[in-house]
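Structure first, then comments.
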Amino acid sequence: MKYYIWTEGCQMNVADSQRVASALEHLGYHASPKAEEADVVVMNTCVVRQSAEDKAYGRLTSLNKIKKYRPELVINLMGCLVGVKGNVKVAERFPYVDVFSPPSDPTPLVEYLLKRDGRELEAVEVAQRFAWQDEDLVLPVEQRGNLVSAFIPIVYGCSHACTYCIIPYRRGVELSRPPEEILAEARALAAQGVKEITLLGQIVDRYGQDRPDYPNLSGLLRRLSNVDGIERLRFLTSHPNWMTDELLDTVAELPKVMPHIEVPIQAGDDVVLENMRRGYTQQQYRELVGRIRARIPSVSIATDIIVGFPGETEEQYQHTYDLLADLKLDVAHLARYSPRGGTVSARRMPDDVPDEEKWRRFRTLEELQEKLVDEIHARYLDQTVEVLFEEKVRGRWKGRTPTNKLVFVESEADLRGQVVPVRITRTGPWSMQAHLLAA
Ligand code: SAH
């Protein structure tokens with residue numbers, strides 16, 4: 001029996017799909033490279049912007065064609081299109097979907113498959129065990145011993161109410177995972193060859209704030225640093241208001257924690273930030289970037305920006321442009337505002353920036369950022385950096401620097417999973433090329 005998982009959207013969905021794969025592997029299923037050849041197709045969906053939601057509808061429609069000549073195909077719709085409360089409209093529109101699962105939860109699918117196979121009695125217990133026991137987390141057969149970098153969710157859901165954001169509605173309230181579970185999962189991944197773990201949460205730097213009996217993110221990073229086999233740790237996404245000096249000092253101090261911080265600003269104008277209910281000013285964000293750079297030498301910083309938020313004037317947009325130009329951050333994930341049903345901004349603030357104007361702001365920031373990153377990367381030229389190599393892509397080994405820069409190296413050696421010092425020989429805005437030092 002074979003499964004195929006289609007994953008759209010954020011890293012959290014990648015992690016959720018990994019857990020579904022693990023549960024299916026326990027049931028004796030194996031991964032299929034094509035949906036057309038699978039017995040079970042999981043569609044792990046995203047609704048953060050309309051474009052992502054539309055992709056899911058397109059995929060669902062094409063799956064219906066396969067289902068017509070293979071009615072025994074099991075279609076599992078999962079993730080933010082379903083949400084923690086279920087989605088009646090989607091269920092009515094796609095009646096041929098067999099199972100609906102909320103984000104992060106493989107149990108409905110496992111239960112469905114067990115019941116279908118006449119294993120009702122085992123269903124609930126087995127489903128929960130296979131779906132949730134962290135020390136039992138297995139990677140798909142093809143990935144065991146091959147996957148170098150993996151994700152672990154540490155905070156589910158989100159309780160911050162950014163006015164534009166649908167995630168809290170679809171992923172539910174903030175819930176930190178018990179540290180023992182996270183450690184068990186990290187050890188299980190390490191035993192299967194994983195070298196790098198990225199901890200995930202919508203506001204990952206709030207880890208443990210909802211549970212006084214848990215460590216905070218600094219404490220968790222310390223404990224994860226002791227897991228044998230794991231050589232690198234990262235975490236994302238942080239909210240500016242929860243980036244404590246303690247956390248920054250922990251990143252600086254622990255050798256396994258990489259100097260890379262993902263901390264979205266979303267807009268560089270105080271009125272827009274207020275309308276987004278982000279809870280900080282652009283000046284506070286500038287100070288935060290100063291604090292991060294003072295405490296973590298050679299740090300790289302990534303941010304997220306939304307252009308064309310309701311009411312955003314040319315002048316307000318210009319403040320975002322100026323902020324990016326001043327701060328010279330390593331990465332800016334750019335998005336055009338997309339009203340999401342049920343959110344505060346969609347209900348109360350007209351989507352009044354025309355589409356062409358959103359595109360113009362988007363492209364202008366994109367050009368600025370490309371130029372800035374090109375300059376930042378040029379400084380890596382002739383430097384020696386330690387790269388963790390992940391896989392061979394079109395004849396070249398692909399890896400990442402501690403600062404999360406993409407590096408390619410030509411080598412006949414098997415570099416998978418190894419941290420190797422390289423000399424950077426060429427740079428550009430998207431990636432770098434390098435030579436191995438010891439040839
Ligand atoms: N929890 C994280 C990430 C949320 S989703 C955070 O606090 O930033 C990832 C990114 O999608 C966001 O950072 C934001 O830039 C973008 N995004 C979220 N909602 C959006 C919307 N309605 N329209 C356009 N972009 C959006």
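Among the residues of segment 402-415, which ones are surrounded by fewer than 19 Cβ atoms within 10 Å (Cβ to Cβ) and basic (Lys, Arg)?
Hits for segment 402-415: nothing passes.
Within segment 18-33, is even one residue buried (at least 17 other Cβ atoms within 10 Å of the Cβ) and within 16 Å of the ligand (Cβ to nearest atom)?
no
Being away from the ligand (no atom under 16 Å from the Cβ), outside any loop (DSSP other than H, G, I, E, B) and in contact with a strand residue (DSSP E or B) (Cβ under 8 Å, 6 or more places away or on another chain) is the filter here; which residues of segment 173-186 pass it?
So in segment 173-186, the residues away from the ligand (no atom under 16 Å from the Cβ) come out as 177-186.
Filter once more, so that each one left must be outside any loop (DSSP other than H, G, I, E, B): 179-186.
If the condition is that a residue be away from the ligand (no atom under 16 Å from the Cβ), outside any loop (DSSP other than H, G, I, E, B) and in contact with a strand residue (DSSP E or B) (Cβ under 8 Å, 6 or more places away or on another chain), then 182, 185, 186 are the ones that fit.
Does any residue of segment 382-397 turn out to be within 16 Å of the ligand (Cβ to nearest atom), outside the structural domain of residue 169 (by TED's automatic domain parsing), without any contact (Cβ under 8 Å) to a residue 60 or more places away in the chain and of a type outside the set (D, E, K, R)? Even if it seems obvious, please write down each step before you answer.
Kept after step one, since they are within 16 Å of the ligand (Cβ to nearest atom), are these residues of segment 382-397: none.
The answer is no; no qualifying residue exists.
Here is a check on your reading of the model: is residue 70 surrounded by 14 or more Cβ atoms within 10 Å (Cβ to Cβ), free of Cβ contacts under 8 Å to residues at least 12 places away in the same chain and over 28 Å from the mean Cα position of the chain (by Cα)? Spell out how you get there, then give the answer.
Details: surrounded by 14 or more Cβ atoms within 10 Å (Cβ to Cβ): no; free of Cβ contacts under 8 Å to residues at least 12 places away in the same chain: yes; over 28 Å from the mean Cα position of the chain (by Cα): yes.
Here the answer is no, as residue 70 does not meet what is asked.
On the basis of being within 13 Å of the ligand (Cβ to nearest atom), more than 27 Å from residue 52 (Cα to Cα), out of contact with any Gly (no Cβ under 6 Å at 6 or more places or on another chain) and assigned to a helix (DSSP H, G or I), does residue 285 make the cut?
Working: within 13 Å of the ligand (Cβ to nearest atom): yes; more than 27 Å from residue 52 (Cα to Cα): yes; out of contact with any Gly (no Cβ under 6 Å at 6 or more places or on another chain): yes; assigned to a helix (DSSP H, G or I): yes.
Yes: the conditions hold for residue 285.
Assess whether residue 211 counts as being modelled with pLDDT of 95 or more, assigned to a helix (DSSP H, G or I) and open to solvent by 30 Å² or more (accessible area, probe 1.4 Å). Spell out the reasoning first.
On the way: modelled with pLDDT of 95 or more: yes; assigned to a helix (DSSP H, G or I): no; open to solvent by 30 Å² or more (accessible area, probe 1.4 Å): yes.
When the stated conditions are applied, residue 211 does not pass them.
Which of the residues that make up segment 342-379 are surrounded by 14 or more Cβ atoms within 10 Å (Cβ to Cβ), within 26 Å of the chain's Cα centre (by Cα) and not in a helix (DSSP H, G or I)?
343
With the condition kept exactly as written, say whether any residue in segment 1-9 is open to solvent by less than 10 Å² (accessible area, probe 1.4 Å), in contact with a helix residue (DSSP H, G or I) (Cβ under 9 Å, 6 or more places away or on another chain) and closer than 24 Å to residue 143 by Cα.
At the first step, the residues of segment 1-9 found to be open to solvent by less than 10 Å² (accessible area, probe 1.4 Å) are 3.
With in contact with a helix residue (DSSP H, G or I) (Cβ under 9 Å, 6 or more places away or on another chain) added as a condition, the list becomes 3.
Subset that is closer than 24 Å to residue 143 by Cα: 3.
Yes, the conditions are met somewhere in segment 1-9.
Pairs under 9 Å by beta carbon, first residue crowded, with 20+ Cβ neighbours inside 10 Å in segment 276-304, partner modelled with pLDDT under 95, six or more apart or different chains?
Note: no pairs meet the criteria.
So, in segment 35-67, how many residues would count as being surrounded by 13 or more Cβ atoms within 10 Å (Cβ to Cβ), of a type in the set (Val, Ile, Thr) and more than 16 Å from the ligand (Cβ to nearest atom)?
The number of residues fulfilling the criteria is 4.
Of all the residues that make up segment 326-341, how many are more than 15 Å from the ligand (Cβ to nearest atom) and open to solvent by 30 Å² or more (accessible area, probe 1.4 Å)? Walk me through it before giving the result.
Step one: filter segment 326-341 for residues more than 15 Å from the ligand (Cβ to nearest atom), giving 326-328, 330.
Now restrict to residues that are open to solvent by 30 Å² or more (accessible area, probe 1.4 Å): 326, 328.
Looking only at that region, the number is 2.
If we keep just the residues of segment 234-267 that are among the β-branched types (Val, Ile, Thr) and open to solvent by 20 Å² or more (accessible area, probe 1.4 Å), which is nearest to the ligand (Cβ to nearest atom)? If you could, list the steps in order and put the result at the bottom.
Step one: of segment 234-267, the residues among the β-branched types (Val, Ile, Thr) are 237, 244, 250-251, 257, 261, 263, 265.
Applying the additional criterion that residues be open to solvent by 20 Å² or more (accessible area, probe 1.4 Å) yields 237, 244.
On the way: 237: 4, 244: 17 Å.
Among them, the one singled out is 237.
When you go through 249, 205 one by one, which is the residue that is in a helix (DSSP H, G or I) and more than 27 Å from residue 79 (Cβ to Cβ)?
Working: 205 fails: more than 27 Å from residue 79 (Cβ to Cβ).
The unique qualifying residue is 249.
Output the residue which, of all residues in segment 296-325 that are of a type in the set (A, V, I, L, M) and not in a loop (DSSP other than H, G, I, E, B), is farthest from the ligand (Cβ to nearest atom). Quick ask: steps written out before the conclusion?
Narrowing segment 296-325 to residues of a type in the set (A, V, I, L, M): 296, 299, 301-302, 305-307, 323-325.
From what's left, not in a loop (DSSP other than H, G, I, E, B): 301-302, 305-307, 323-325.
Numbers: 301: 14, 302: 10, 305: 6, 306: 5, 307: 9, 323: 15, 324: 14, 325: 19 Å.
Going through the qualifying residues, I end up with 325.
Condition first: crowded, with 22+ Cβ neighbours inside 10 Å and not hydroxyl-bearing (Ser, Thr, Tyr). Can you find one or more residues in segment 314-324 that meet it?
The initial filter retains those residues of segment 314-324 that are crowded, with 22+ Cβ neighbours inside 10 Å, namely 317, 320.
This time we only want the ones that are not hydroxyl-bearing (Ser, Thr, Tyr), so: none.
No, there is no match, as no residue in segment 314-324 is crowded, with 22+ Cβ neighbours inside 10 Å and not hydroxyl-bearing (Ser, Thr, Tyr).
Of the residues that sit in segment 133-172 and are away from the ligand (no atom under 14 Å from the Cβ) and assigned to a helix (DSSP H, G or I), which one is most open to solvent (accessible area, probe 1.4 Å)?
Among residues in segment 133-172 that are away from the ligand (no atom under 14 Å from the Cβ) and assigned to a helix (DSSP H, G or I), the one most open to solvent (accessible area, probe 1.4 Å) is 135.
The values are calculated or read from the model by the stated rules, or taken from the named source; none is laboratory data. Keep in mind the model is a prediction, meaning the values are calculated, not measured. Don't worry about glycine lacking a Cβ; one is built from the backbone with ideal geometry, like all the others, and counts go over all protein chains shown. We work out accessible area using only protein heavy atoms, side chains counted, and drop any ligands, DNA or RNA first. Shrake-Rupley method; radii C 1.70, N 1.55, O 1.52, S 1.80 Å.
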